[in-house]
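Take a look at the structure below.
The values are calculated or read from the model by the stated rules, or taken from the named source; none is laboratory data. Just so it is clear, the structure is predicted and the values come from calculations on it, not from any experiment. Note that each Cβ is placed from the backbone with ideal geometry, even for glycine, and that neighbours are counted across all protein chains shown.
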Amino acid sequence: MAQNSSFKSPGRLDPLQGGASGKSPASYDGGKLRDESLKGIDFERRNFLGKAVGGVGAVVAAGVLYPVVKYIIPPAEKEVKEKDEIVVGKASEVPPDSGKIFQFNKDKVIVVNNGGTLSAVSAVCTHLGCLVQWKADEDLIFCACHSARYESNGKIISGPQPLPLEPYAVRVDGDDLVISKA
Ligand code: FES
């Protein structure tokens, strides 16, 4: 029985080369088309992923940089209008032979009650800026940093300080202790 060993199905033989005729549009041309369209999808996906990663990176960078920039660049200070006169507390807070420091606008002011007489001067030593205190046993304002001594009205007694303490006006209004610019 003669066998035709050379018989081959053209469709099965080499589909990539178009079978026997080499013109199988379903496998060859269709494959080409599929490749082309896959390339398009791949490119779009990469493009989308690139944009997504870029967007996320920008958000993360902004999240990191914002506090840094905010720390480096301080916010614009609100212009606070200074007052000429302020009720800083109660008169009872400064009993006879004592002194107490109050905040007056941006300044610190020491109010001294020297035997019933009130006076107020800057509480910032004119030497290097330490806060002063009232020394009742010596009747003077003292700076412990370098032993500057001032009278209760701010005049220099002794020490390294170049200037007297800036004077303020102080009065009692009812129970209130009121400081104003001298
Ligand atoms: S800072 Fe007051 S004496 Fe030096």
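Assorted remarks:
- Test: Val109 is closer than 19 Å to Lys155 by Cβ and in contact with a Pro (Cβ under 7 Å, 6 or more places away or on another chain): no
- Which numbered condition Lys108 misses (of (1) within 16 Å of the ligand (Cβ to nearest atom); (2) over 21 Å from Leu177 (Cβ atoms)): (2)
- Residue selection: Lys90 fails the criterion of being loosely packed, with under 10 Cβ neighbours inside 10 Å, under 30 Å from Gly174 (Cα atoms), at pLDDT 75 or above and among the basic types (Lys, Arg).
- When the residues of region 111-143 are filtered to those that are hydrophobic (A, V, I, L, M, F, W, C) and surrounded by fewer than 22 Cβ atoms within 10 Å (Cβ to Cβ), the one that is farthest from the ligand (Cβ to nearest atom) is Leu118.
- Residue check, Ser152 buried (at least 16 other Cβ atoms within 10 Å of the Cβ), assigned by TED's automatic domain parsing to the domain that holds Lys100, in a loop (DSSP other than H, G, I, E, B) and not aromatic (Phe, Trp, Tyr): yes
- Some residue of region 144-158 being modelled with pLDDT of 95 or more, β-branched (Val, Ile, Thr), within 11 Å of the ligand (Cβ to nearest atom) and touching a Lys or Arg at 6+ places or on another chain (Cβ under 7 Å): no
- Of all residues in region 70-87, exactly one satisfies the criterion of being over 30 Å from Arg171 (Cβ atoms) and surrounded by 10 or more Cβ atoms within 10 Å (Cβ to Cβ), namely Lys70.
- In this structure, Phe43 does satisfy being surrounded by 10 or more Cβ atoms within 10 Å (Cβ to Cβ) and farther than 30 Å from Arg171 by Cβ.
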